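Some notes on the structure that comes next.
The values are calculated or read from the model by the stated rules, or taken from the named source; none is laboratory data. Treat the numbers as computed from the prediction; the structure is a model and nothing was measured. Methodologically, a virtual Cβ is constructed for each residue, glycine included, from the backbone with ideal geometry; neighbour enumeration extends over all protein chains shown. Ligands, DNA and RNA are excluded from the accessible area calculation, which covers all protein heavy atoms including side chains. Shrake-Rupley method; radii C 1.70, N 1.55, O 1.52, S 1.80 Å.
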Amino acid sequence: MENAWRAAYRHPVDWSTDFPPLSMAALFDDAAAKAGQKPLIDFMGRHYSYAETLDGANRVAAGLAALGYGKGDRIGLFLPNVPHYLAAYYGILKLGATVVNFSPLYTVAELTHQVADSGTKLLFTLSAKALLPTALEVLETSALERLVVGSVAGALPTGKSILYRLFKQAEVAARPSDPRIMAFSKLIHNRGRFAKPEIAPEDDVALIQYTGGTTGTPKGAMLTHQNLSANARQVNAIDPHPGAEDRILGVLPLFHVFANTCVLNRTVVNGGCIVMLPRFNAQQALEAVSRARVTAIPGVPTMYQALLDHPNLAKTDFSRLRVCISGGAPLPAELKAKFEAATGAKLIEGYGLSESAGVVSANPYEAPGKSGTIGQPIPATDVRLVDKEDPNRPAPEGEPGEIVIAGPQIMKGYWNRPDADAGVFVTDAAGRRWLRTGDVGQIDGDGFVAIVDRLKDMISVGGFKVFPSQIEELLYKHPAVKETLVIGVPDPYRGEQPRAYVTLNEGAEADGGALRDWLNPQLGKHERVDEVVVRLTMPKTMIGKLSRKDLIAEVLPKG
């Protein structure tokens, strides 16, 4: 039977746990009422309590309402990890408006496109040279109406704030005198009173989260209040120690869906504290772990590798660290073992998408997991396999299939893209809607899911399908290999040929020819690579995971 695995469920709550409809405004108000003066944010040593952050969110909502904004308006966050993000994020949601997340790394063209696509009317940013000039240019060339500009120095502890003003002026951009541009401090100069809207959690869109754009133009996933609040509660439910000391390292960018659920909303549900850093820096992260006695670190595999590689690793106090959650890319077994040995903490792998509000499955925190899998579905989440060629049919018994998902965290649809919705959802005979992931996987008898590859990444070699991840898994077993990606390159006879790209561990010596000769005898004839190319660096996405798309764009001729 399809659901026989539930008897082997290893998460600490029943799979059938219910997550009733809940708005994000109510979620935050409830958490602040319980936590009160407990710290929600530790920003470089300055603490902001739940009560202070709630007051800031109410003032943001009141300030936006005074400017004429309200329910359904799209309001953008063009921010790194700073306290302003939380006040703006929850303030927008309390007003019934829709948050639109934008990466601080976006170019003018990227930001302009997504502002126009989403219909964003107002944008929050900082007076940093890395951000404000881009936002100003978009203000001039798009339908964007206003900017609200915050100051990093104002969010720091007093001593650090003074030093920032003295020594980092070169990083600060002047805020022009323009009626369309308002200081964050002025926006929140009010009593925090506004008319609270009626929010329908399962219908009203809380967040437009743009996909990574693996192929084609990024699309905006519409995540409702219930999508976000359910996923935060689902992730919190799989923690075997609810209410235990909870200080989570917030270095994953909050604009990304992984951090939005696992760092921000999940921590709020649990009344925990976010030890926040503006960006990932291995030395600063290790220092924060020791200083703040961090108990959990969500990250991507390249981040854990960077921590292992840093000379300060041995000096770091990991005594309070319980669990680290890896997502965004496959977690090599060798990296998992090394990190666990070095820190004494459990490193578990999970899985999710923008379209699923963040998380679909995870290995259990304490019960035995299965290395090389993305774990079991989190509570209230169904996972099935469908035929790779026809998603309306189940996958053949015992064969890999495309992973499809149903649950309370699955998006409402793509913003203004009914054409894309038609291709990403399938409806079963009972009328239930399932999200197609584009990932090919297998599910064992205990309900653990293993991803074989992405449909779009498969390499076609003379009619045979080759999965890059299977070749990459072998390469990671070589002691010299640190990172690897395998792509298909054009071949006049067979259509495509696998080619591997690697970086090496520090001090390791291996050339491409030797690696190829070691690898190919372990592969089927159609899987063998024509080359192993040794590189100094590998292209990565904005959250630090290896980017196959960017590697292909870099090494393959256009057209």
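Points worth noting:
- Output for the range 518-528, where each listed residue is surrounded by fewer than 20 Cβ atoms within 10 Å (Cβ to Cβ) and either part of a loop (DSSP other than H, G, I, E, B) or under 32 Å from the mean Cα position of the chain (by Cα) (or both): Leu523, Gly524, Arg528
- Unmet requirement for Tyr304, which otherwise passes all of (1) farther than 24 Å from Ile405 by Cβ; (2) over 21 Å from the mean Cα position of the chain (by Cα); (3) free of Cβ contacts under 8 Å to residues at least 60 places away in the same chain: (2)
- Filter pass, Asn236 being open to solvent by 10 Å² or more (accessible area, probe 1.4 Å) and either in a loop (DSSP other than H, G, I, E, B) or of a type in the set (Gly, Ala, Ser) (or both): no
- Qualifying residue in the range 420-427 (condition: open to solvent by 40 Å² or more (accessible area, probe 1.4 Å), polar (S, T, N, Q) and either modelled with pLDDT of 95 or more or not in a loop (DSSP other than H, G, I, E, B) (or both)): yes
- Residue list for the range 273-301, restricted to those being in a loop (DSSP other than H, G, I, E, B) and over 19 Å from the mean Cα position of the chain (by Cα): Arg293, Val294, Thr295
- Test result for Leu254, within 14 Å of the chain's Cα centre (by Cα), in contact (Cβ under 8 Å) with a residue 60 or more places away in the chain, farther than 16 Å from Val323 by Cβ and in a loop (DSSP other than H, G, I, E, B): yes
- Val269 vs. criteria open to solvent by 10 Å² or more (accessible area, probe 1.4 Å), at pLDDT 95 or above and either in a helix (DSSP H, G or I) or farther than 10 Å from Asn81 by Cβ (or both): yes
- From Leu474, Leu455, residue being open to solvent by less than 50 Å² (accessible area, probe 1.4 Å), out of contact with any strand residue (DSSP E or B) (no Cβ under 7 Å at 6 or more places or on another chain) and closer than 30 Å to Val489 by Cα: Leu474
- Scanning the range 453-474 for residues that are of a type in the set (A, V, I, L, M, F, W, C) and either in contact with a Phe, Trp or Tyr (Cβ under 6 Å, 6 or more places away or on another chain) or not in a strand (DSSP E or B) (or both) yields Leu455, Met458, Phe467, Ile471, Leu474.
- Selection count, the range 179-208, where residues are open to solvent by 100 Å² or more (accessible area, probe 1.4 Å) and in contact with a Ser or Thr (Cβ under 9 Å, 6 or more places away or on another chain): 1
Let's see how each residue does on (1) more than 23 Å from Pro301 (Cβ to Cβ); (2) aliphatic (A, V, I, L, M); (3) modelled with pLDDT under 95; (4) open to solvent by less than 60 Å² (accessible area, probe 1.4 Å):
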{"residue": "Tyr501", "(1), (2), (3), (4)": "no, no, no, yes"}
{"residue": "Ala510", "(1), (2), (3), (4)": "no, yes, yes, yes"}
{"residue": "Gly513", "(1), (2), (3), (4)": "yes, no, no, yes"}
{"residue": "Arg516", "(1), (2), (3), (4)": "yes, no, no, no"}
{"residue": "Asp530", "(1), (2), (3), (4)": "yes, no, no, yes"}
{"residue": "Leu546", "(1), (2), (3), (4)": "no, yes, yes, yes"}
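- Among the residues of the range 140-157, the ones that are modelled with pLDDT of 95 or more, of a type in the set (A, V, I, L, M, F, W, C) and out of contact with any Gly (no Cβ under 9 Å at 6 or more places or on another chain) come to 2 in all.
- Pairs linking a residue in the range 497-514 that is over 20 Å from Ser469 (Cα atoms) to a residue that is open to solvent by 30 Å² or more (accessible area, probe 1.4 Å) and assigned to a loop (DSSP other than H, G, I, E, B), with Cβ atoms under 8 Å and 6 or more positions apart or on different chains, are Ala508/Pro479; Ala510/His478.
- For the range 110-123, the count of residues that are aliphatic (A, V, I, L, M) and within 20 Å of the chain's Cα centre (by Cα) is at least one.
For (1) closer than 16 Å to Thr224 by Cα; (2) in contact with a Pro (Cβ under 7 Å, 6 or more places away or on another chain); (3) among the small types (Gly, Ala, Ser); (4) open to solvent by 10 Å² or more (accessible area, probe 1.4 Å), each residue gets a yes or a no:
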| site | (1), (2), (3), (4) |
| --- | --- |
| Asn81 | no, yes, no, no |
| His84 | no, no, no, yes |
| Tyr90 | yes, no, no, no |
| Ala109 | no, no, yes, yes |
| Thr120 | no, no, no, no |
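- Of the residues Pro242, Pro278, Pro298, the single one that is crowded, with 18+ Cβ neighbours inside 10 Å, on the phi < 0 side of the Ramachandran plot and at pLDDT below 95 is Pro278.
- Filtering the range 5-34 to residues that are closer than 27 Å to Glu349 by Cα, open to solvent by 40 Å² or more (accessible area, probe 1.4 Å) and part of a helix (DSSP H, G or I) leaves Arg6, Ala7.
- Ala285 vs. criteria surrounded by fewer than 20 Cβ atoms within 10 Å (Cβ to Cβ) and within 28 Å of Asn312 (Cα to Cα): no
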